[in-house]
Every structure is written in C-alpha cells, then in structure tokens.
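The block underneath contains the structure these notes are about, expressed in structure tokens.
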Amino acid sequence: MQAVWKAGVLEECTRLLERERDEWKDVELNVAVIGNSGVGKSSFINAIRGLNADDEGAAAVGVKETMVFEILSYEHPNNPMMKFWDLPGVGTVRFPRITYLADIDVYDFFLLLNSTRMTENDTWLGNEIHKRNKKYFFVRTKIGVDIRHNRRARPRTHNEEAVIEEIRKSKEDQLRIDGCDDVPVFVVDSYKPHKFDFEKLNQQLIKYFQEQSRTALILSLKSDSQHMIQLKVAELRSLIWKSVAISAVGGAFRRHDISLAMDQSLSIITCEVMSYFKQLGLDSESLQRYDKLYSVDYDKVQSLVRGALRIQGEGEVSLEEMKSIVARLMSSSWSLSTATAVKRQLPLIGSLIAAEMLFRETESVLNLILDKFEKTAIEVMKFVAVSVASANEIETSGGSRILAR
C-alpha cells in the first residue's frame, strides 16, 4: 500500500480498496444436495435460495423433479459464486455407488435429504461422506405432510410439537447407530421456510464455514429472520471502512473542483447504502418476494419501510430518494465542511488531514444509516412473522373444522 501511495497512483489505490471491499464476491461456495429421488431436493434448493417454482432460475419441481438424470447446479440469486448442486439419487444404473462420489472434492459441504424412514442409501451416503473427511447435515423434509397426516389420524390428541420431536429423535437415534452421532438433524418444510428448522440450518451452515467463506455465505443468504439480519449488519459494519476509504481517498486528493469531488464521494456512499438496503431485504424485489411466498400485503410492507425511514411518497424507494437522505446527513456534518477548508489552506498536508476527517465522518454517517436499516428490517420481519402466523392459524383451524365434520 505504501508503494502505491509513493507512486502517487490514486486510481490504483482506489482499485485496491474496491477489490478488498468486494473480495467476498469471489469466494466459491459449492453445496451438494443429495438424497433419494422424490425427497424434495428441488423444492428445498428453491426454498433455501428464497425462490418459488415460478421464479426465474428456480429448480423444476413436481413431475419434472423426479425425471432429473444429470447433476444440476443452481446459483444463489444474491451471489452467483454460491451454488447448490442437485445430485440425482444414488444406486441407479446411471449413478451407481462405485462412481457416485468420484467428484466429492468439488463440493464444500453436503446436505443429505430424507422425507420418510432412513434407507440403505441414506446410511451408505452418510458413512461415505464421513469416511472421506467431509461434513454433512441431515435434513428431514416434508414435515408438513407428516403433521397433516397425524392431525387427520388423531384429530383429538394431535400435537404438532410431539410429531416433530418424534421424527427428529428417530433420525438422531438412527445416525447414532450408524456411528454419525455428531451430525446435526434439521426438520423442515420447503413450503414453510419461516417454520421449523430452516433458520437453525442457515445458522449452522454459517458456523461451519471459515471466515472468508462465512462472510460470503452471510451476505448471500436472505434476511429471513432477526438473527440473520443481525449477522448481516455485523458483516456489513466490518466492511464499512473499505467503502469509506474509497470515498475519503478520492474526495481528499482530487486536485480539481472540490464540489465535484464531494459529489463523487456522495455517489460512492449512496451506492453503498443501496447495497445495505438490498442486503437487509428492504428493497422492492425483497418485499415482493414476501408477497409471493407468504401472501404478505406488498403495499403495506412498503409503506412500513417508507414510514420507518421518513421517506414521503409510495412505491419503491428510488436511488435519488436514497441519495437525498445521504446528502442531508453529510451536509449537516461540520467535519466535511471543515475538511474542505483545511484542504484549501494547506494543499499538501491539508489533503492528509482532510482524508482523515472525511473518513471519520463518512464512517459515522454509514453506521447511523446501517443502524436505522437494521431497526427497519427487524420491523419488517416482525410484520411478516405476524402475517404468516395468522395465515397458519387460519389454515390449522380450517383443517380442524373439516376433520370435526
């Protein structure tokens, strides 16, 4: 870095800082989703990426899902470097055991899916992955089907939690017998990602990956819980200095018009703020996703976001609206105006002083905005959770009334 400064290559310094800021986007993450045909691998891959079957890039589900005869990869919509691989069922003529895991080193992690009782193939896959010093989680899918069947069979004594725990304990016991008692078990329903263990699964995935991969994973996954929002905020906060450095270096050392330099700094910071907005699920696309997946009223949740951020109007928050918020916060800062004055009085030393002042004040502004976005994102998540809970209650009570007839 010192050599770059001495050479006076400002552009090279800026590019270096930009690479530092965006290095997580270059980290490859390959997660293999394995299991017998019909266990719901495609539906699961859609759910963990925050998609439904109608979305662009979604895995085919239903009849088409069971007809997959090749290994398919699906990019995460937030990060094309993160891929979920759908591996066809093992033990068929096309995919015999002897060659099934030939390319095991391609994958960083495995998710072994099962929707009924443990099969011989499940046991074999788990043992083989274990032998090759790879890690995997066991995911029991389609739990909603088991709950509905139990409710229909035992309308008076049905207990949802008891059904879940019975299935979970059964899988844990079987894994223990197979010598894989350290493998976590997650119970999920791909059509109800807000219920059951989807959030726990995401948290455990994050804990498993190393620091750089962990950052990539956190910033790729959707903000579908308060805990995930808080994890994202922590990661974004740790990256603030890199974006601030890009802004401060450019603003303090440009020899031309000061106001132009400030405008360029404002544009850099606004783009950073918009990335926070999207990461925390406050952008229009994320809010529409809640509408599609959970039937949450889009207009209401969009109004909630605008109200929390004190932005007048309706509909999607535009780049210009966000830029005006950032400009207002930056213009109210005495440090920015002082830095400009110092730079004018002391062109050489003043540039260094100005860079430091710009850095500190811009850092403060970004932290302030991130705090506000975090609170707003949590409010949105609470709104979604209440809507989903109400829908689930209606569904459950409706089912009970039908059974009572």
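The values are calculated or read from the model by the stated rules, or taken from the named source; none is laboratory data. Quick caveat, the model's predicted, so the values are computed rather than measured. Cβ atoms come from the backbone with ideal geometry, glycine included; neighbour counts cover every protein chain shown.
Does GLU65 satisfy the criteria of being of a type in the set (Asp, Glu), within 27 Å of the chain's Cα centre (by Cα) and at pLDDT below 90? Spell out the reasoning first.
Working: of a type in the set (Asp, Glu): yes; within 27 Å of the chain's Cα centre (by Cα): yes; at pLDDT below 90: yes.
In short, yes.
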### Query
For LYS232, are the conditions met, namely being out of contact with any helix residue (DSSP H, G or I) (no Cβ under 6 Å at 6 or more places or on another chain) and either among the β-branched types (Val, Ile, Thr) or free of Cβ contacts under 8 Å to residues at least 60 places away in the same chain (or both)?
no
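Here is a list: SER303, SER275. Which entry is under 26 Å from ALA389 (Cβ atoms) and either assigned to a loop (DSSP other than H, G, I, E, B) or not acidic (Asp, Glu) (or both)?
Working: SER275 fails: under 26 Å from ALA389 (Cβ atoms).
Within the list SER303, SER275, the selection yields SER303.
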### Query
Before we move on, is PHE84 within 25 Å of ASN30 (Cβ to Cβ) and touching a residue at least 60 places away in the same chain (Cβ under 8 Å)?
no
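Scan the helices (runs of 4 or more DSSP H) fully inside region 115-193 and keep the ones with 2 or more residues being touching a strand residue (DSSP E or B) at 6+ places or on another chain (Cβ under 7 Å).
Working: elements: 120-131, 143-153, 160-177.
Where helices (runs of 4 or more DSSP H) fall fully within region 115-193 and carry at least 2 residues being touching a strand residue (DSSP E or B) at 6+ places or on another chain (Cβ under 7 Å), they are 120-131, 160-177.
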### Query
Is one or more of the residues making up region 120-135 buried (at least 17 other Cβ atoms within 10 Å of the Cβ) and either touching a Pro at 6+ places or on another chain (Cβ under 9 Å) or under 30 Å from ALA389 (Cβ atoms) (or both)?
no
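Determine which member of the set LYS169, LYS200, LYS207 is assigned by TED's automatic domain parsing to the domain that holds THR119, basic (Lys, Arg) and at pLDDT below 90. Don't jump to the end; show me each part of the working.
On the way: LYS169 fails: at pLDDT below 90; LYS200 fails: at pLDDT below 90.
Result: LYS207 is the single residue among LYS169, LYS200, LYS207 that is assigned by TED's automatic domain parsing to the domain that holds THR119, basic (Lys, Arg) and at pLDDT below 90.
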### For GLN174: the one exception among (1) over 24 Å from the mean Cα position of the chain (by Cα); (2) modelled with pLDDT of 95 or more; (3) surrounded by 18 or more Cβ atoms within 10 Å (Cβ to Cβ)
(2)
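Of all residues in region 68-83, which are part of a loop (DSSP other than H, G, I, E, B) and at pLDDT 85 or above?
We begin by selecting, within region 68-83, every residue part of a loop (DSSP other than H, G, I, E, B); these are 68-71, 77-78.
Result: ILE71, PRO77, ASN78.
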### Task
Could you grab me the full set of residues in region 226-248 that are more than 10 Å from the chain's Cα centre (by Cα) and either closer than 22 Å to TYR191 by Cα or among the acidic types (Asp, Glu) (or both)?
GLN226, HIS227, GLU235
